Amino acid sequence: LKATVGPDGRVAFQFRNQPWIDLVQWLAEIADAPLDWQELPPDRVNLRSPGRYTVSETKDLFNRHLLARGYTLLELPGGITVAKTEGINPAMVPRVNPDQLGELTPHTFVRASLELGWLSSEKMAEELKPMISSNGKLTALTTTNRLEAMDAAVNLRQIAALLEQERNQSSRDALAPEFKLRHIPAEVAKKMLEEFLGVEKKSNAPMTPQQMQMMQQMARQNGGKPAPTPKKPEISIVANTRQNSVFVRGPVDRIAIATEFINRIDVPGQGLNSLADIENRVQVFRLFSLDPE
């Protein structure tokens, strides 16, 4: 606990079986900042620096061990505060812009508002939960379609980078890719795709008496509740006749199957039936010094 910052602005330390109260008081001394805390982890710590650390690096190392115990070190205008992350007042946590996350030490506990663009805040809040630590929190702001995130900077950086990838143009195109056709009409390709992928045609026709009786019997067998129908992956196919292409919307695996199927059916026929067929079979060589004959 007598270790101090040297002329190089760095400090080396090694603590064995020390209580947290002594450690955070030592940290406040070398940081020359007031200290405030209401609760600290009850265990004792063995902690050492592999080399000489700056005060900022020392704070980050302490924060890493505190976060592992459900606490965090906050640098506020009034000094250093140690707080428990469970039920923490968000107003105490410093707010930063997403582009500032790369400038922070990895374990700095902050909050940021992340723009989602065309992505759904509710869906992204659910999908990104595994990337948030037990200390962090994700809140979907549906009115402004943003994501309020609070966690260590290293986790928020990863989430911000992932959202940037999801917002780019290639990800948007992957949602409903367009397949341009050269050798078969779009309507024909659509019909073949629907048959191959098992896309059910929606019908508005009323149920027959036999169908109604069967539904009633299944409901009685299910305790009066309607029998659950197996839910198939939703997929839709639209033919763009003006561009002779098809759009496919559905799960990624179904789109991959549709891509392979289109590559196999969109092939030249035996005859030259279209301009695309001619372009595929004829190559033009431009001559500059030779006579074509």
## Note on the structure
Scanning segment 235-266 for residues that are at pLDDT 85 or above and assigned to a loop (DSSP other than H, G, I, E, B) gives THR241, ARG242, GLN243, ASN244, ASP266
### Query
Does segment 282-289 contain any residue that is on the phi < 0 side of the Ramachandran plot, at pLDDT below 90 and surrounded by 13 or more Cβ atoms within 10 Å (Cβ to Cβ)?
no
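What about GLU86, is it in a helix (DSSP H, G or I), among the acidic types (Asp, Glu) and open to solvent by 30 Å² or more (accessible area, probe 1.4 Å)? Walk me through it before giving the result.
On the way: in a helix (DSSP H, G or I): no; among the acidic types (Asp, Glu): yes; open to solvent by 30 Å² or more (accessible area, probe 1.4 Å): yes.
Here the answer is no, as GLU86 does not meet what is asked.
Rundown of residues vs (1) β-branched (Val, Ile, Thr); (2) open to solvent by less than 70 Å² (accessible area, probe 1.4 Å); (3) at pLDDT below 65; (4) closer than 30 Å to LYS59 by Cβ, yes/no style:
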site: MET131; (1), (2), (3), (4): no, yes, no, yes
site: GLN165; (1), (2), (3), (4): no, no, no, no
site: GLU195; (1), (2), (3), (4): no, no, no, no
site: GLN210; (1), (2), (3), (4): no, no, no, no
site: PRO226; (1), (2), (3), (4): no, no, yes, no
### Task
Counting only residues that are surrounded by fewer than 17 Cβ atoms within 10 Å (Cβ to Cβ) and basic (Lys, Arg), give me the strands (runs of 3 or more DSSP E) lying completely in segment 29-83 with at least 2 of them.
44-48
### Query
Restricting attention to segment 43-51, does a residue exist that is more than 35 Å from the chain's Cα centre (by Cα) and either among the hydrophobic types (A, V, I, L, M, F, W, C) or at pLDDT 95 or above (or both)?
yes
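Select, from GLY51, GLY102, GLY70, GLY87, the only residue that is of a type outside the set (A, V, I, L, M, F, W, C) and over 29 Å from ARG146 (Cβ atoms).
Numbers: GLY102 fails: over 29 Å from ARG146 (Cβ atoms); GLY70 fails: over 29 Å from ARG146 (Cβ atoms); GLY87 fails: over 29 Å from ARG146 (Cβ atoms).
None of the other options fit; the residue is GLY51.
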### Message
Can you report the number of residues in segment 89-117 which are crowded, with 18+ Cβ neighbours inside 10 Å and outside any helix (DSSP H, G or I)?
### Response
10
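The values are calculated or read from the model by the stated rules, or taken from the named source; none is laboratory data. This structure is a prediction, so every number in the text was calculated from the model and none was measured. With ideal geometry, Cβ positions are generated from the backbone for all residues, glycine too; neighbour counts draw on all protein chains shown. These accessible areas exclude ligands, DNA and RNA; they are computed on the full protein's heavy atoms, side chains included. Shrake-Rupley method; radii C 1.70, N 1.55, O 1.52, S 1.80 Å.
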